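A short worksheet on the structure shown next.
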């Protein structure tokens, strides 16, 4: 198994309010750790809280999931300010870091600077930006999606690096060249350019049903920096193979959203057909669980403390 890279904690990664490691540091520690790391998708404060409670160490704030949860398409129909609003609720709900799916950076280098600045103000752990042209569309739709030029995307990476206010704020450069059919040589060329520009990690994306492309990339990449993958299409690949390849981090990218759609549809259909909630009540969360997830006990305690 290929040993993962490491990094050294620096004073700038501390939250000066409580002398605790910042979310940026915690996310970078996860991505650079010796063990294969896993990040789970969430799309609002509630799903982020569930991800934390179930034991994950970081959240993937999925662009697809956030867009869909708002009833919009994964095509930059949600503005970056709307994304930041959702992220603020998520960050306030949890104590683990968030890696944001930043799409293409929501525009040019200047949009990237503005976006990264606002993420830092909300104590987000890091951002992943991809090398498709704006507006992007989901990677699994259509063929031969247009990519940004290497110089243009390198400019975005450098802008993000220069703007972050915590040097451990994690910048992940995502290359879509395999998705777009450009082949391995172009993928490696792009990954190296993005790494040289300051990206902390590379996300290499594939829509093949096996991890063959990922394996070939890892053999050529030779551990230059951590590699993140999203095995949505090659989901039946054993995790042990990712470890053997030297993959750093696996993102489970959209499964909370998709499971929520299935569950809500089944419950709604059942209540509609039965004209009763009797059966549905047996298979859904109790109100006590709902109250627990939003920490209702705390407000009752605060009322006793602060109310006359």
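All of the numbers you see were taken from the coordinates with simple rules; none came from a lab. The structure presented is a predicted model; accordingly, all values stated were derived computationally and were not measured. Counting neighbours? That spans all protein chains shown, and the Cβs are built from the backbone with ideal geometry, glycine included.
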Heads up, the stretch 114-266 by the C-alpha gyration tensor (a ≥ b ≥ c square roots of eigenvalues; a/c under 1.5 rounded, else a/b over b/c prolate, else oblate) looks rounded
Distance in Å, no decimals, from the C-alpha centre of the stretch 196-245 to the one of the stretch 54-115 is 22
Highest GNM mean-square fluctuation among 222, 74, 108, for the chain with Cα springs under 10 Å, belongs to 222
Only helices counted: for the chain, with every DSSP H run of 4 or more residues adding -39500 (n - 2.57) and the sum spread over all residues, [θ] at 222 nm is -13500 deg cm²/dmol
Length gained if residue 35 through residue 50 is fully extended, taking 0.36 nm per residue and subtracting the Cα-Cα distance, is 3.1 nm
Sorted on mean Cβ neighbours within 10 Å (highest first), peptides 31-40, 212-221 come out as 31-40, 212-221
By the mean-Cβ-within-10 Å protection proxy, highest first, 57-70, 186-199 rank as 57-70, 186-199
Comparing 251, 129, 261 in a Gaussian network model of the chain (Cα, 10 Å), the one with the largest mean-square fluctuation is 261
With Cα springs under 10 Å, the Gaussian network model of the chain assigns the largest mean-square fluctuation among 146, 273, 119 to 273
Highest mean packing first, using Cβ neighbours within 10 angstrom, the peptides 132-138, 292-298 sort as 132-138, 292-298
So, with points 7 Å from each Cα along the Cβ direction, the residue 117-residue 295 label distance in nm works out to 3.0
So for R0 = 45 Å, FRET eff. of residue 182-residue 308 from the Cβ-Cβ r, to 0.05, ends up at 0.10
